[in-house]
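Report on the structure given below.
The values are calculated or read from the model by the stated rules, or taken from the named source; none is laboratory data. What you are looking at is a predicted structure, and each value in this text was computed from that prediction instead of being measured. Cβ coordinates were reconstructed from backbone atoms using ideal geometry, including for glycine residues, and neighbour counts include every protein chain displayed. All accessible areas refer to the heavy atoms of the entire protein, side chains included, with ligands and DNA or RNA removed. Shrake-Rupley method; radii C 1.70, N 1.55, O 1.52, S 1.80 Å.
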Amino acid sequence: MSFSNDVRQEICSSVNDKDRRFACLYGMLLFCRTLNREHICFQSESRISAELFCSLFEAVFRKKLSVTEHLRKNGVVLCSCDTDSETAQEVFQKYRLADNARLIDSEIIATNSLGVFTAGVFLACGSVNDPNKEYHLEFACPEEQLAVQLATLLGDIGVTAKTVVRRGQHIVYIKGSESIEDTLTFIGASQCTLELMNTKIYKDIRNKANRIANCDAANIDKVVKAAMKQIDDIKLIDHAVGLDTLSDELREVAQLRLDNIDMSLQEIGETLSEPISRSGVNHRFKKLAKLADEIRGGSYEK
């Protein structure tokens, strides 16, 4: 089951009293596919949404509707719920719907639940991506004015929603995990909110662990390259003039490096007969590097 269907399933279980059913059905009707006095058609790729529409319709209007399925060319099953003209007239009268434009009636949702109304809108035209892949929630609105009103409504609860036209549809979309969390909680899908938050925490920890691992790997590569350069210098010195020509301090650090390629500068400093700091060890290797460069350049004098 997709994350969108998880949200729909949770919403359905929360619509459990008269006022909630009325407000939720209002959202589903106002944002459904076809809405006029002759015919109302609710369509969804979600069987959950279609069945809830029929259940709410029977609870509010005492009339039974049935779900019919249509197989699209792309293999997706589309679920539809249709009314006759007489029933459509009743709907328009009960919800005070306008003939010329779909508009959200603030008086209707003010006396009921704004959150569950928005839940009905989500059931009619909403979807949310799997948070493991992307943080994105959107509503595909049937009319431009509805999209504008919905974006304003979401803004009133502190959610930043933007609008865009995509393939002739007016889309209200929300980006960002926190805004999506607020929206899901607002429409009654608190368990899905928790799931999204847990996913975000897991992703943050995984990304942090990856960054640390990459940083550690880069540091290891850096240490190994530095050690190999030091060994090349030491071997050159040994071959050209012999390590026994070096001072006791340089000879000891050179021999430790030859014997321990994976030792850090700090570890070498701690292992010396007279321990010194990391910077002290680094200073000695710089002397060895300078000596090796002089040998390579032919400027070394015994």
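Quick notes on this one:
- By average C-beta atoms within 10 angstrom, highest first, the peptides 209-217, 56-64: 56-64, 209-217
- Phi-based couplings in Hz for the range 181-197 (Karplus 6.51, -1.76, 1.60; Gly and Pro marked x): 4, 4, 5, 4, 5, 4, 8, x, 10, 5, 5, 5, 4, 4, 4, 5, 5
- Across the range 165-176, rounded Karplus estimates of 3J(HN,Hα) from the backbone phi angles (6.51 cos²θ - 1.76 cosθ + 1.60, θ = phi - 60°) give 9, 10, 6, x, 9, 8, 9, 9, 10, 10, 10, x Hz, Gly and Pro being marked x.
- Protein accessible area in the chain, 1.4 Å probe - carbon and sulfur %: 48 percent
- FRET efficiency, Glu178 to Asn282 (Cβ-Cβ, R0 51 Å, nearest 0.05): 0.65
- A 1.4 Å probe run over the chain, with the rest of the protein chains in place, finds 55 Å² accessible per residue.
- Whole-number D in µm²/s for the range 85-175 (Stokes-Einstein; Kirkwood sum over Cα pairs; 37 °C, 0.692 mPa s): 229 µm²/s
- Residue ranges 39-51, 262-274 sort as 39-51, 262-274 when ordered by packing (mean number of other C-beta atoms within 10 Å per residue, highest first).
- An ellipsoid equivalent to the chain, defined through the eigenvalues of its Cα gyration tensor, has semi-axes of 75, 17, 16 Å when rounded to whole angstrom and sorted largest first.
- Nearest-20 debye value, the range 149-268 charge dipole, Cβ charges on Lys, Arg, Asp, Glu: 1120 debye
- The charge dipole of the range 210-302, taken about the Cα centre with unit charges on the Cβ atoms of Lys, Arg (+1) and Asp, Glu (-1), comes to about 420 debye, rounded to the nearest 20.
- The range 1-120, dipole about Cα centre (Lys/Arg Cβ +1, Asp/Glu Cβ -1), debye to the nearest 20: 100 debye
- Size estimate for the range 218-272 follows the Kirkwood approach: the inverse of mean 1/r over distinct Cα pairs works out to 11.6 Å.
- Projecting the Cα positions of His170, Ile108, Ser55 onto the charge dipole of the chain (unit charges on Cβ atoms of Lys, Arg, Asp and Glu, taken about the Cα centre) puts His170 furthest along the positive direction.
- Taking Lys and Arg as +1 and Asp and Glu as -1, the other residues whose beta-carbon sits under 10 Å from that of Leu52 total +2.
- Calculated on alpha-carbon atoms, Rg and Dmax of the range 18-82 in Å: 11.9, 39
- Across the chain, C-alpha contacts under 8 Å between residues 6 or more apart give a mean separation that, scaled by the residue count, equals a relative contact order of 14 percent.
- For the range 143-250: Kirkwood Rh in Å [reciprocal of mean 1/r, alpha carbons]: 19.6 Å
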